[in-house]
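Enquirer: This is the structure I want to talk about, given as structure tokens.
The values are calculated or read from the model by the stated rules, or taken from the named source; none is laboratory data. Just so it is clear, the structure is predicted and the values come from calculations on it, not from any experiment. Quick reminder, even Gly has a Cβ in these numbers, built from the backbone with ideal geometry, and neighbours come from all protein chains shown. Side chains are part of the model used for accessible areas, which takes the heavy atoms of the whole protein and leaves out ligands, DNA and RNA. Shrake-Rupley method; radii C 1.70, N 1.55, O 1.52, S 1.80 Å.
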Amino acid sequence: MSIVPKETIEVIAQSIAITNLSPDVALALAPDIEYRVREIMQEAVKCMRHSKRTILTADDVDSALKLRNVEPVYGFTSKDPLRFKRAAGHRDLFYIDDKDVEFKEVLESQLPKAPLDASVSTHWLAIEGIQPAIPENAPAEAPSESRRSEYKEDGLPVDIKLPIKHALSRELQLYFDKITELARNKSASVLFKEALVSLATDSGLHPLVPYFTYFIADEVSRNLKSFHLLFALMRIVRSLLRNPHVHIEPYLHQLMPSVITCLVAKRLGSRLSDNHWELRNFTANLVALICKRFGHVYHNLQPRVIKTLLHAFLDPTKALPQHYGAVQGLAALGPNVVQLLILPNLEPYMHLLKAEMHLEKQKNEMKRHEAWQVYGALLCAAGQCMHEKLKMFRSLLSPPTSAIWKSNGKVMASMPNKRKASMDNIMQQPPLKKLATDGAVGMMPMNSMPGDLPGTIGGFSSGMGSSSVSISSMPQQLSNMPGRGVGGGVVNASAILAQAWKEDMDTGHLLASMFELFGERVFSFTPKPELSIFL
């Protein structure tokens, strides 16, 4: 008895235009059709299993038909769902509703897009620890509405930023743990020094930068009494800044509070033997290095640092070690900062500081020592600023190294590599050149210039009270001296001197005021030629 009914055989015969099929023939064909169908389906199951699938598709049936040398059934695909309809007059008979398609519509329809070839594309998973919002990266799972309603503060909804998972390799984790352990317990060991060299040179340490930043900020805030740990942390910061393979710019806003704290904190360390002055000097140079490297990237970095240091310097309620750190930080930023911010406030500050320096007014030896440290910092800052100004003064007003020729109100500098004039050369010269050489052109020493007056040497006064001619009268004495440079370009001597005196006219007053405040100690910052001039 076959599972294929004879009615199915009759319907199939009618579909291929066989209308006179007898019931006995249909009943005899049913077992053979069942056998053939089972054979095709067994082959289709084999194709499915070889394809590593568990769902039988129309493609598997077509492959089985091809294996049996039977033409496959066209019009069926694996993706299209089969739409069955009940046959009229038959209760349990169904057929597939095939839609009639006009060839004209098929020909006039647009061709589908060609499938893309297999290719490999690249995209950024994360840039400096931040995942870019691009279609290739799956968006972070947002909290549900029920959870969002829980995050409220004072009745206002709070914007929730989900953390981004940051995976570190096992090697980097061990490296970070080893560095932090050495910083806490063995900061004076040779191994820690080698670790600092590794931090300053090794590539591939950028994933550790946020972890080092958090470690430094956390340890500085909790261990202000541990001098050796603070010094080790600042040395780690310097090593990270020196590493060319590390991009530390995005983390400066987390590092700077810790660095400034080690510069202007009221107390660093817990023992009297802790040399916190050295730590403040080291941190001041570190602040200057950060401002120099990243000042062009963050335009408000140096102004904010200067504002913080100036507030610590001018606040009378701050402790003297805080004033010392502020002075060292401002001095490390350059002589211009000292000239603009420290020198105008130096005289009133020194009046208050001297009261803390003398034994008669300050009986506390520790306070006197701190006052003398601040005094030394101010002396170095002001002296270095004055030294830089005197160096500029020397470069602008020093006499030229080449010989000067005077001819018809023009000043010419002779080239040192030119051949000297001799009698043989003069006799062999053309008439015009010989006439120019024989004319009123000759070597003119520096002390024979029109600006020389009694009591002056080369336009400079030989003594502060021996002559009525002072340094400030130089521009008027040499105002009518145009000149010609070596390269042929015209150099206006009065313009050079006017610029020099405009910038450095107050250098003598600065030296005098520094002498009144610091005495003879300021002379160690003054070059000998300039010192002899002003004395």
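Enquirer: Of ALA355, ALA326, ALA371, which residue is modelled with pLDDT of 90 or more and among the small types (Gly, Ala, Ser)?
Expert: On the way: ALA355 fails: modelled with pLDDT of 90 or more; ALA371 fails: modelled with pLDDT of 90 or more.
Exactly one residue qualifies, and that residue is ALA326.
Enquirer: Modelled with pLDDT of 90 or more and open to solvent by 80 Å² or more (accessible area, probe 1.4 Å): which single residue out of LYS292, LYS266, LYS225 fits that description? Talk me through it step by step, then tell me what you get.
Expert: Working: LYS266 fails: modelled with pLDDT of 90 or more; LYS225 fails: modelled with pLDDT of 90 or more.
Unique residue meeting the criteria: LYS292.
Enquirer: Looking at ALA288, ALA355, ALA331, ALA284, which one is under 21 Å from the mean Cα position of the chain (by Cα), assigned to a helix (DSSP H, G or I) and more than 24 Å from LYS225 (Cα to Cα)?
Expert: Values: ALA355 fails: under 21 Å from the mean Cα position of the chain (by Cα); ALA331 fails: under 21 Å from the mean Cα position of the chain (by Cα); ALA284 fails: more than 24 Å from LYS225 (Cα to Cα).
Being under 21 Å from the mean Cα position of the chain (by Cα), assigned to a helix (DSSP H, G or I) and more than 24 Å from LYS225 (Cα to Cα) holds for just one of ALA288, ALA355, ALA331, ALA284, which is ALA288.
Enquirer: Take segment 311-327 and flag every residue that is open to solvent by less than 40 Å² (accessible area, probe 1.4 Å) and within 28 Å of the chain's Cα centre (by Cα).
Expert: Of all residues in segment 311-327, those open to solvent by less than 40 Å² (accessible area, probe 1.4 Å) come to 312-313, 315, 319-327.
Hits for segment 311-327 are ALA312, GLY325, ALA326, VAL327.
This table checks each residue for (1) loosely packed, with under 10 Cβ neighbours inside 10 Å; (2) free of Cβ contacts under 8 Å to residues at least 24 places away in the same chain.
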residue: GLN42; (1), (2): no, yes
residue: LEU56; (1), (2): no, yes
residue: LEU93; (1), (2): no, no
residue: ASP100; (1), (2): yes, yes
residue: GLN110; (1), (2): yes, yes
residue: PRO115; (1), (2): yes, yes
residue: TRP124; (1), (2): no, yes
residue: ILE130; (1), (2): no, no
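Enquirer: What number of residues in segment 206-260 are part of a loop (DSSP other than H, G, I, E, B), closer than 13 Å to ARG184 by Cβ and touching a residue at least 12 places away in the same chain (Cβ under 8 Å)? Please lay out each step first, then the result.
Expert: Filtering segment 206-260 for residues part of a loop (DSSP other than H, G, I, E, B) gives 223-226, 243-248.
Then keep just the ones that are closer than 13 Å to ARG184 by Cβ; that gives 223, 226.
In the following step, the residues that additionally are touching a residue at least 12 places away in the same chain (Cβ under 8 Å) were identified as 226.
Summing the residues that are part of a loop (DSSP other than H, G, I, E, B), closer than 13 Å to ARG184 by Cβ and touching a residue at least 12 places away in the same chain (Cβ under 8 Å) in segment 206-260 gives 1.
Enquirer: Now for a different question. As an exercise: evaluate VAL120 against (1) within 30 Å of VAL246 (Cα to Cα); (2) among the β-branched types (Val, Ile, Thr); (3) at pLDDT below 85 and give the number of the one condition it does not meet.
Expert: Against the list (1) within 30 Å of VAL246 (Cα to Cα); (2) among the β-branched types (Val, Ile, Thr); (3) at pLDDT below 85, VAL120 comes up short only on (3).
Enquirer: Picking from LEU182, LEU199, LEU191, which residue would you name as being assigned to a helix (DSSP H, G or I), modelled with pLDDT of 90 or more and in contact with a Ser or Thr (Cβ under 6 Å, 6 or more places away or on another chain)? Even if it seems obvious, please write down each step before you answer.
Expert: Details: LEU182 fails: in contact with a Ser or Thr (Cβ under 6 Å, 6 or more places away or on another chain); LEU191 fails: in contact with a Ser or Thr (Cβ under 6 Å, 6 or more places away or on another chain).
Checking each option against the conditions leaves just LEU199.
Enquirer: Kindly provide the set of residues from segment 203-221 that are open to solvent by 60 Å² or more (accessible area, probe 1.4 Å) and over 13 Å from MET256 (Cα atoms), ordered by number.
Expert: At the first step, the residues of segment 203-221 found to be open to solvent by 60 Å² or more (accessible area, probe 1.4 Å) are 203, 211, 214, 221.
Within segment 203-221, SER203, TYR211 meet the criteria.
Enquirer: Could you tell me which residue of segment 190-202 is surrounded by the most Cβ atoms within 10 Å (Cβ to Cβ), considering only residues that are in contact with a helix residue (DSSP H, G or I) (Cβ under 7 Å, 6 or more places away or on another chain) and farther than 14 Å from ARG242 by Cα?
Expert: Here is the first cut: in segment 190-202, the residues in contact with a helix residue (DSSP H, G or I) (Cβ under 7 Å, 6 or more places away or on another chain) are 191-192, 195-196, 199-200.
Still in the running and farther than 14 Å from ARG242 by Cα: 191-192.
Numbers: LEU191: 10, PHE192: 18.
Step by step, filter segment 190-202, then rank; the result is PHE192.
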